[in-house]
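Data block below; observations after.
What follows is calculated from the coordinates using simple rules that are stated; it is not laboratory data. Since the structure is predicted, the reported quantities are computational estimates derived from the model, not experimental observations. So basically every Cβ, Gly included, is an ideal-geometry build from the backbone, and we count neighbours across all protein chains shown.
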Amino acid sequence: MLERTNFNLVIDGPPLTPKANRLKDGLKRTAFWPVISQRTSDFKVHNTYLKPDVFTDSVEEYWSMRRHAGLWDVTGEEVVEITGPDAMALVARCMPRKLTRLTDGMGIFGFLTYPHGGVVEDGIITRFNDEKLWWVGGPGPAEVWLAANATDLDVSVRSYLDQIHLCAVQGPKSRDILQSVTDRDLSAVPWFGMIEARVCGIDTVITRTGFTAELGYDIHIAVDRALEVYEGLMETGEPQGMVLCGSQAMNIRRMEAAILNIGAEIDWTTTPLELGWDRMLDWDREFVGRDALAAQRDAGVTRRIAGLTLQGDTVARGGDAVLCDGREVGLVSSGIWGPSIEASIALAMLHTPAWHNGTAVTVTTPSGDVPAVVAPLPFFDPERALARA
């Protein structure tokens, strides 16, 4: 085995270039394109793939999902498979969170860190057994970072971005809809659980996860059979009120749930301590970035992600300044109108002491200054009762 590579950090850019550079090879269509392209012409780019942004109306899609179910194309969420005798050792090295709940057939939310403590990427790590795990994340450089830290380990790291495509069924009727075309008992699958099952007669991996904080499932399918599963779910679900949903509807719900998004709230300069993930860190073992994070912990965190509730119906946008007593204390990362809480909400990285709940602030929007207050996160369903249902 080669000796483990020591990467020199730079101060004017991320230590590793994100795989968005793959775009130079051209945009790609997901396995579900033949159906989706007949329903919408409104697309966005996610990890080199064209994905539907909206089908009819984002708020209508949101409410259909909340009341019944929604079907999403979530291709671009990248499956990175980690296999070999040292698979768990690699995960423990690169992911600083506690791993006690990462048992066979279960997944956990996780994040990878650089030596300076910044976040490489966040995602879901799922364990099939102690020699096979899946990391499923977004457009960050997880595959490259895991491989770079595995050169002295007996382990293989492989991306299935173009071989496994994903769709998601989310909402209160998602279990009933998926159960009717699945050969396994979904009621036995816990939150963040995983099973290998046949859906519409096709082999898949199902995880009880999603980006909506609702009851829901992500379905991982070999690309050559994925369209059959998608069409089968449509045939079964649409008579029960399920609709096709785009990224905008998902973004509304993830904002209400305060699910942080890479490229908005998360980048290589933000640390787990600043993102509110303190309680997840396992200080009892070594991991990449531990020294830097321990130093930040001991010195005291000077900024932290926070929620804002704005007065009126003005929606804040990423980059809007947040003022406290006339002084800029941070920037908005995302903003949306929250239909379930009937308020304009935002996420912002705020400097101390402005991040404390109840602090009165002002958001400088293109429409003018808007009074706001720092609010507890998440904005809606704080106990995640819907996802745990």
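Here are the numbers for the structure shown:
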| read-out | value |
| --- | --- |
| Environment charge at SER156 (Cβ cut-off 12 Å; Lys +1, Arg +1, Asp -1, Glu -1) | -3 |
| Theoretical gain in end-to-end length, ASP369 to ARG29 [0.36 nm per residue, Cα-Cα removed] | 118.3 nm |
| Those aspartates and glutamates that a straight Cα-Cα span of less than 13 Å connects to LYS28, excepting residues fewer than 8 apart in one chain | ASP162 |
| Spin-label zone in segment 209-249 - amide nitrogen under 18 Å from a point set 7 Å from the Cα of ASP176 along the C-beta vector | 214-217, 233-244 |
| Packing-based ranking, highest mean first, of 67-74, 112-119 given that Cβ atoms within 10 Å are counted | 67-74, 112-119 |
| The chain shape via C-alpha gyration tensor axes, a/c threshold 1.5 | oblate |
| Distance between modelled label sites at ASP325 and GLU228, nm, 7 Å Cα→Cβ extension | 6.6 nm |
| Which of ARG327, ARG127 has the fewest Cβ neighbours within 10 Å, and the rest in rising order | ARG327, ARG127 |
| Where labels lie 7 Å past Cα in the beta-carbon direction, separation of SER37 and ASP162 in nm | 1.8 nm |
| Where labels lie 7 Å past Cα in the beta-carbon direction, separation of ASP203 and GLU131 in nm | 1.8 nm |
| Highest-fluctuation residue, ARG285, ARG198, ARG317 considered, GNM on the chain with Cα pairs under 10 Å | ARG285 |
| Along the chain, longest interval not containing exposed GluC sites (Glu not before Pro), exposed being DSSP loop plus at most 13 other Cβ atoms within 10 Å | 4-285 |
| Table column - 3J(HN,Hα) (Hz), segment 199-212, Karplus curve with 6.51, -1.76, 1.60, x for Gly and Pro | 10, 6, x, 10, 5, 9, 10, 10, 10, 8, 9, x, 9, 10 |
| Of GLY319, THR30, HIS351, farthest towards positive along the dipole that unit charges on Lys, Arg, Asp, Glu beta carbons give the chain | HIS351 |
| Ranked packing of 241-251, 159-169, most packed first, by mean Cβ within 10 Å | 241-251, 159-169 |
| Cut-off under 5 Å, modelled amide H: who pairs with ILE266 long-range | ASN261 |
| Stretch gain in nm, segment THR56-ASP267, where the contour uses 0.36 nm per residue and the Cα spacing is subtracted | 72.8 nm |
| FRET efficiency, 1/(1 + (r/R0)^6) with R0 22 Å, evaluated for HIS351 and ASP381 via beta carbons | 0.20 |
| Mean ellipticity per residue at 222 nm, deg cm²/dmol - from DSSP H runs of n ≥ 4 across the chain, formula -39500 (n - 2.57) | -5000 deg cm²/dmol |
| Built amide H within the under 5 Å cut-off of ARG184, gap 5+ | ARG198 |
| Calculated FRET efficiency for the pair ALA360/THR103, C-beta based, R₀ 56 Å, to 0.05 | 0.80 |
